[in-house]
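Novice: Before I ask anything, let me first share the structure, which is written out below as structure tokens.
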Amino acid sequence: MKYRFRWQWLAAAMLMVLLNTAVPVGGHASASVTPPKIDSLAPVALTPQLQEKYSEQTVTVKLKATITESGTVDSNIQVITSSGDAVFDQAVIDSIRNSVFTPAHAGDGQAVASSVVLPLSVKVEKYVPEEPAATEAGQEPAR
């Protein structure tokens, strides 16, 4: 269990760094608009199968998302560059969808919706299978 938490923390930290370098696109890409920023990044929840498959790899997914005026992510997230694994892509999409952003702001300070391209690199730590817990101290786990 401690490995999963550590992995999610690392993935969240990696996504945080990359999201802070998000590239605004569309009509609000002028100098008078402050781009959106990440407030709370949801961890990328990978299944044990995905963790094992991509153990010790960095997987890249590029997404296009619209951050609304309220700082939430619009439901229409587009995959621009896939990892090559639809399940992995969906885990990254779910992470972004559950994250909270500070919206973009126009020059007058009013929050505006803004589309951003998110080049995300998820570093998957070494996969270590979880061992079943022993029923009592000193006993071997049941097999």
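The values are calculated or read from the model by the stated rules, or taken from the named source; none is laboratory data. The shown structure was predicted, so the numbers you read here are calculated from the model rather than taken from an experiment. Counting neighbours? That spans all protein chains shown, and the Cβs are built from the backbone with ideal geometry, glycine included.
Novice: Taking the residues in the stretch 102-118 that are of a type outside the set (Asp, Glu) and part of a loop (DSSP other than H, G, I, E, B) as candidates, determine which candidate is surrounded by the most Cβ atoms within 10 Å (Cβ to Cβ). Walk me through how you get there before you give the answer.
Specialist: First, pick out the residues of the stretch 102-118 that are of a type outside the set (Asp, Glu): 102-107, 109-118.
Of the ones still in play, those that are also part of a loop (DSSP other than H, G, I, E, B) are 103, 106-107, 109-110, 113.
Working: Pro103: 20, Ala106: 14, Gly107: 10, Gly109: 7, Gln110: 10, Ala113: 16.
Only one residue tops the list, namely Pro103.
Novice: Just to verify a result, which residue in the stretch 40-65, among those that are under 29 Å from Gln110 (Cβ atoms) and at pLDDT below 95, is surrounded by the most Cβ atoms within 10 Å (Cβ to Cβ)?
Specialist: Here the residue is Leu41.
Novice: Quick test for you: out of Ala86, Ala104, pick the one residue that is of a type outside the set (Asp, Glu) and in contact with a His (Cβ under 9 Å, 6 or more places away or on another chain). Please lay out each step first, then the result.
Specialist: Numbers: Ala86 fails: in contact with a His (Cβ under 9 Å, 6 or more places away or on another chain).
One residue alone meets the criteria, Ala104.
Novice: If only one of Ile80, Ile93 is surrounded by 15 or more Cβ atoms within 10 Å (Cβ to Cβ) and of a type in the set (A, V, I, L, M, F, W, C), which one is it?
Specialist: Values: Ile80 fails: surrounded by 15 or more Cβ atoms within 10 Å (Cβ to Cβ).
Within the list Ile80, Ile93, the selection yields Ile93.
Novice: Being at pLDDT below 95, buried (at least 17 other Cβ atoms within 10 Å of the Cβ) and not basic (Lys, Arg) is the requirement here; does Phe88 meet it?
Specialist: Numbers: at pLDDT below 95: no; buried (at least 17 other Cβ atoms within 10 Å of the Cβ): yes; not basic (Lys, Arg): yes.
Considered against the rule, which asks whether it is at pLDDT below 95, buried (at least 17 other Cβ atoms within 10 Å of the Cβ) and not basic (Lys, Arg), Phe88 comes out as no.
Novice: Looking at (1) at pLDDT 95 or above; (2) not in a loop (DSSP other than H, G, I, E, B), which is the one condition that is false for Ser83?
Specialist: It is condition (2) that Ser83 fails.
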